[in-house]
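Let me begin by presenting the structure, written as structure tokens, before commenting on it.
The values are calculated or read from the model by the stated rules, or taken from the named source; none is laboratory data. The structure displayed is predicted, hence computed values, not measured ones. We place every Cβ from the backbone using ideal geometry, glycine too, and count neighbours over all the protein chains shown.
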Amino acid sequence: MKTLTQKLFLLEPQYRERVWGGQRLKAADPPVGEAWVAFEESRVQSGAHAGRTVAELSEEYGEHLLGREVFEAYGSRFPLLVKLLDCADWLSVQVHPNDEQAARLVGPGEFGKSEAWHFIEAEPGATIYAGIKEGTSKEALEEAIRAGRVLEVAERLEVKAGETVYIPAGTLHSLGPGLLLYEVQQSSDTTYRVYDWDRPASAGRKLHVEESVEVIDPRKVVAVQPAPELKGTAAAAALVCPYFELEVIGLGEEALDEDTRGETFHLLTLTEGGAELSLEGEAVTLGKYETALVAGGARRYRVRAGEGGARLLRCAVPARCLGRA
């Protein structure tokens, strides 16, 4: 396996137009709903590997890029997809399969799609649908899906900036207007639409009624995790699940020293201020909503804020998220 000399990678965002999108990620018409900031096909913006994709680097450098724990669990496949979402209208009410269902319904080797949302901005009274109302039987749920009445049994929750929600595969969910959020998920884009607010069922937005009936689980209960409290320079866990962990980092005048321990890559996305990542003569400057990948083999690195402080989100796949710690 080749030696990876570059350890910090600034990633180029890829924007997706969406009927429900807004103007906060990128001013455009049609509106942009999603910025895909870290995934297999992300391209490196600078350095010796500028222009190459994360998938290409994962295949060539294996555990040096991914980290030994991630490489042992997933081989050379990059296992996460990170997006920023700007919701000016309701997204479709949807559900995602788990790993077993994805392999059966989509194809061998396909991942399921468990995901988490961290709300960067939320207008007063902003809400989501997540989960099914207590006491709803599977039979009643399936009837509601087929009849186009799924909102009658869906659980509606109010959310605020700084809060985090985990949406495991099989959970009915939808994001509402007035939200700007960070979404981290398994490396999958398999979505089954249950209901789409009576929008025209175009080729790109068809409903998946029977697939939804097969994969939905009425027992999934969703809880809103409170915003972590941060003072000065500090990192705090927002969520840990079987596929990834998500942390909130606040930077004051002091720098934050971190370590991949050779186990897992780190993905850092700036949400406020400005920041610089550095190690062994390398440095990457992050602007608002930009994302950098720190190679799993990098080990120790430093994060420092620009004037006025900074706030970042960091996700990784440590051993404790692989069920082996």
Original post:
Quick one: would you say Ala161 is of a type in the set (A, V, I, L, M, F, W, C), touching a Pro at 6+ places or on another chain (Cβ under 9 Å), outside the structural domain of Val240 (by TED's automatic domain parsing) and assigned to a loop (DSSP other than H, G, I, E, B)?
Top reply: no
Subject >> Filter result for the condition that a residue is of a type in the set (Gly, Ala, Ser), in contact with a Lys or Arg (Cβ under 8 Å, 6 or more places away or on another chain), surrounded by 13 or more Cβ atoms within 10 Å (Cβ to Cβ) and under 20 Å from Glu121 (Cβ atoms), over Ala238, Ala227 >> reply: Ala227
Original post:
Only one of Glu254, Glu258, Glu276 is acidic (Asp, Glu) and either in contact (Cβ under 8 Å) with a residue 60 or more places away in the chain or not in a strand (DSSP E or B) (or both); which?
Top reply: Glu254
Original post:
Quick check: is even one residue across segment 175-187 crowded, with 16+ Cβ neighbours inside 10 Å, hydrophobic (A, V, I, L, M, F, W, C), within 14 Å of Ser92 (Cα to Cα) and free of Cβ contacts under 8 Å to residues at least 24 places away in the same chain?
Top reply: no
Original post:
Out of Gly176, Gly112, which single residue is more than 22 Å from Glu40 (Cα to Cα) and either touching an Asp or Glu at 6+ places or on another chain (Cβ under 9 Å) or β-branched (Val, Ile, Thr) (or both)?
Top reply: Gly176
Subject >> Residue that is nearest to Leu180 (Cα to Cα) [pool: residues in segment 1-37 that are among the charged types (D, E, K, R) and touching a Pro at 6+ places or on another chain (Cβ under 9 Å)] >> reply: Lys26
